[in-house]
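Notes for the one structure printed next.
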Amino acid sequence: MVRIYALIFVIAILGGIGYGAKYYYDTTQATIATLRENNVKLESAVETAEQSVATLQQDMVKIGQLNKTLTISLQKAEAYGDELRTKLSKLNLVVEALRDSKQLEGKMNGASANLWRGLMEESGNTNQYPDPQWLLQLPTSTGSQSSNPSGEGTDTDSSQAETTPTQ
């Protein structure tokens, strides 16, 4: 009987070892399957991240080029603003307005319309708008509206402005 108990004990031990091996094998295979799935997910995530980095690098190059373009445009605009300030400092608008107010009004309206068109073009609006009615109206009088018909000023100030036609 001892042999039967020993045989049952050995079979139980071998069965336990066999069940343990099968359990270990099954859990290892499940872990390997999970790791494969995670590896595929990680590879796709790495691929997406690499594409994102490449896109960001391309965007940075584009942004750098646009920044250079904007810097050049800003420098041109600042130079143009300096030029306008210089022209405006040379003008004496009060004397000009007293001398021929209709002509000054026409110049101002024309310059405003040109500025407005430039702003519309720079902002991407390509629609062509006709000139406004107030710009199309020509002054009715060609003479000076001031009390000095000769057009010569009585002011002896040497800083009297030269008037130049606006662009």
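Report yes if Gly124 is at pLDDT 50 or above and part of a loop (DSSP other than H, G, I, E, B), otherwise no.
Numbers: at pLDDT 50 or above: yes; part of a loop (DSSP other than H, G, I, E, B): yes.
Spelling it out, Gly124 is indeed at pLDDT 50 or above and part of a loop (DSSP other than H, G, I, E, B).
Being within 58 Å of the chain's Cα centre (by Cα), surrounded by 10 or more Cβ atoms within 10 Å (Cβ to Cβ) and under 30 Å from Gly118 (Cα atoms) is true for just one of Ser52, Ser89. Which residue is that?
Values: Ser52 fails: under 30 Å from Gly118 (Cα atoms).
Criteria check complete, one pass: Ser89.
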**Asked** Does segment 1-11 contain any residue that is hydrophobic (A, V, I, L, M, F, W, C) and modelled with pLDDT of 95 or more?
**Response** no
**Tabulated pairs, segment 54-76, first within 14 Å of Glu122 (Cα to Cα), second of a type outside the set (A, V, I, L, M) and assigned to a helix (DSSP H, G or I), C-beta under 9 angstrom, 6+ apart or interchain** = Ser73/Glu122
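Taking the options Val53, Val61, Val46, Val95, name whichever one is at pLDDT below 95 and either among the aliphatic types (A, V, I, L, M) or not in a helix (DSSP H, G or I) (or both). Don't jump to the end; show me each part of the working.
Numbers: Val53 fails: at pLDDT below 95; Val61 fails: at pLDDT below 95; Val46 fails: at pLDDT below 95.
Exactly one residue qualifies, and that residue is Val95.
The values are calculated or read from the model by the stated rules, or taken from the named source; none is laboratory data. Values in this document were obtained by computation on a predicted structure and should not be read as measured data. No Cβ is skipped: glycine too gets one built from the backbone with ideal geometry, and neighbour counts run over all protein chains shown.
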